[in-house]
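The values are calculated or read from the model by the stated rules, or taken from the named source; none is laboratory data. Nothing here was measured: the structure is a model prediction, and the numbers come from that model. Using ideal geometry, Cβ is built from the backbone for each residue, glycine included, and neighbour counts are taken over all protein chains shown. Calculation scope for accessible area: heavy atoms of the full protein, side chains included, ligands and nucleic acids excluded. Shrake-Rupley method; radii C 1.70, N 1.55, O 1.52, S 1.80 Å.
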Amino acid sequence: MHDHPGGVLDISANALAGLLDAAHEPILVRDLEGRILFWNGGCETLYGHGREAARGAYAPQLLATVFPAPLDEITARLLDEGRWEGEVRRRLADGREAVIALRWSLRRDDAGAAWVLETGRDVTEARRAEEALRRSEYRFRNVFHAMSVSFWELDFSALAGMFGALRARGVTSLRAHIAENPGFVREMMRASQVVDVNEKSLQLFEATREQLLGPVDRFWPPCSEHVFAASVVAALEKQPHYESEARFRTYDGREFDGLFTCCYPREYLPQGATLVGVIDITDRLRAQEDLQRVQADLAHAARISTLGELTASIAHEVNQPLSAIVTNGEAGLRWLKRETPDLDEVGRAFDRMIGEANRASGVIGRIRTMAVKGEPETARLALGALVEDSVVLVRRELTAHDVVLRVQVPAGLPEVMGDRVQLQQVVVNLLVNAAQAMAEAEERVLTVRAAVEGEAVALSVADTGPGVPPERAAQLFNAFYTTKADGMGMGLSICRTIAQAHGGEIVLAPGSGRGATFVLKLPCAGDAQELD
Ligand code: ADP
């Protein structure tokens with residue numbers, strides 16, 4: 001090797017062959033028929049055949065090459081244009097199949113003999129990855145279009161600029177900024193673009209695809225702005241997804257209730273893309289409302305029937321003060337009719353009469369609230385008073401069943417939030433059930449306890465009856481489950497509905513010896529300010 005006068009390396013044929021041999025790229029030289037003349041180290045590495053095996057062999061056979069078109073056509077192009085590029089499948093020495101991107105160039109020497117220089121590149125992995133991507137894209141598209149959920153692909157890349165501008169003005173919290181500038185939510189909506197929707201979206205939003213593409217704000221009524229804002233905040237806080245119920249507006253302006261879900265895949269977030277799903281829940285909400293109405297009706301019916309069962313008890317509760325009033329009236333009259341009327345005693349008799357009359361009207365008042373079907377009213381309640389009120393209604397029932405009642409409700413327990421009548425109904429139900437369960441028992445003790453359990457107050461009602469066999473424990477709370485000849489089986493079911501509506505629960509405590517213990521847990525009422 002020495003310097004050519006023109007400054008270009010003058011390389012001998014042998015040296016050139018050595019250089020080609022050392023190249024990493026697979027380089028192959030063959031004649032027009034395909035017989036291999038040169039096979040470098042790159043070919044050995046890629047195809048796995050040594051140069052002794054390769055030299056003189058026919059390339060298409062050695063490598064079981066599958067061409068993208070008939071070989072005659074490819075050869076004709078090569079002869080015509082002097083080059084060809086394409087991808088072929090080849091079998092490697094170890095039997096694996098590989099996809100190779102080939103470049104051929106045709107050379108002729110001075111004598112007119114032709115040969116082909118081939119460089120190859122293994123693109124098997126790249127093609128496999130592309131295929132996998134294509135498939136998953138295809139699957140995604142299929143799911144996207146076939147799902148009975150309305151799907152939206154949103155581009156909110158414009159929001160990044162808006163946030164940048166806010167940061168430049170020193171704003172650090174989007175939440176706080178929105179609280180001060182509610183109009184910013186609309187601006188964000190106008191900057192968020194719908195780039196694709198599926199078939200279901202066309203139905204749900206009653207529009208064509210073209211009508212749906214564009215700014216997203218047209219589909220969000222003002223009452224749902226807080227949901228949109230919360231979804232953006234969730235994305236900024238790097239939450240993986242966000243879900244909420246919201247009102248939506250169709251293209252023509254009809255509003256409906258929807259469940260809105262939004263997912264923020266980490267990979268797509270930097271590109272400002274996200275996928276949003278909307279499910280129409282109008283029917284579900286309507287069904288829920290119907291269910292609540294039916295439950296309220298049933299609760300009312302059950303209450304009336306409980307009151308019916310308690311008639312004797314209630315009559316007694318009212319009768320007692322009435323006879324006390326009569327007795328005191330008579331005594332007062334006697335003090336008056338004396339030669340020297342004792343007005344002090346008359347006054348005391350009057351006081352007692354007023355006290356007893358108040359007691360009677362208190363009892364009647366409780367019965368009326370139980371019997372009247374009214375809207376639930378939430379107030380702060382003390383458990384002690386709740387238990388006392390309930391006990392008044394069942395006292396006679398307990399006496400009739402010869403039940404000893406022990407109430408252990410410490411003063412100073414945290415209050416609970418709830419509807420007095422409903423919660424009273426729960427306690428009355430538990431007390432009546434317990435009394436009935438103990439009808440045949442030798443010892444009849446009913447213990448009502450209350451205690452704080454973490455953030456909740458637990459009220460337990462324990463009896464000394466036969467208890468509940470474990471296999472039946474799961475059914476007790478089902479509607480219409482009863483083991484009583486004249487039972488309705490609604491008591492515990494309604495108790496559970498009421499407990500859950502108060503954010504609490506009612507459970508049968510796991511068997512601890514004889515008797516049954518039902519526990520009503522209710523969350524403690526928070527500080528007064530939080531409730532405003
Ligand atoms: P009902 O009282 O009309 O049967 P409930 O829903 O109040 O309806 O009760 C359902 C069933 O649960 C009762 O029939 C009874 O078998 C069982 N049960 C309720 N309370 C007790 C208890 N304290 N001890 C044993 N079994 C009970």
Checking 411, 382 in turn, the sole residue that is out of contact with any Asp or Glu (no Cβ under 7 Å at 6 or more places or on another chain) and over 15 Å from residue 462 (Cβ atoms) turns out to be 411
Filter result for residue 107 (at pLDDT 95 or above, outside any helix (DSSP H, G or I), out of contact with any Cys (no Cβ under 9 Å at 6 or more places or on another chain) and basic (Lys, Arg)): no
- Task: Kindly check whether there is at least one residue in the stretch 496-513 that is open to solvent by 50 Å² or more (accessible area, probe 1.4 Å), near the ligand (Cβ under 7 Å from one of its atoms) and under 24 Å from residue 371 (Cβ atoms).
- Result: no
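For a quick check of your reading: which strands (runs of 3 or more DSSP E) sit entirely within the stretch 349-461 and have at least 2 residues that are open to solvent by less than 60 Å² (accessible area, probe 1.4 Å) and within 16 Å of the ligand (Cβ to nearest atom)?
Answer list for the stretch 349-461: 445-453.
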Out of (1) open to solvent by less than 40 Å² (accessible area, probe 1.4 Å); (2) more than 26 Å from residue 130 (Cβ to Cβ), the one residue 102 does not meet is (2)
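Outside any strand (DSSP E or B) and surrounded by 17 or more Cβ atoms within 10 Å (Cβ to Cβ): which single residue out of 28, 46, 16 fits that description? Outline the logic, then answer.
On the way: 28 fails: outside any strand (DSSP E or B); 16 fails: surrounded by 17 or more Cβ atoms within 10 Å (Cβ to Cβ).
Only one candidate qualifies: 46.
A quick yes/no check of all residues on (1) over 24 Å from residue 405 (Cα atoms); (2) out of contact with any Ser or Thr (no Cβ under 8 Å at 6 or more places or on another chain):
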| position | (1), (2) |
| --- | --- |
| 454 | yes, yes |
| 486 | yes, yes |
| 491 | no, no |
| 496 | no, yes |
| 511 | no, yes |
| 515 | no, no |
| 524 | yes, yes |
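Taking into account only those residues within the stretch 257-286 that are of a type in the set (A, V, I, L, M, F, W, C) and in contact with a Leu (Cβ under 8 Å, 6 or more places away or on another chain), which is modelled with the lowest pLDDT?
Looking at the filtered set, the residue picked out is 273.
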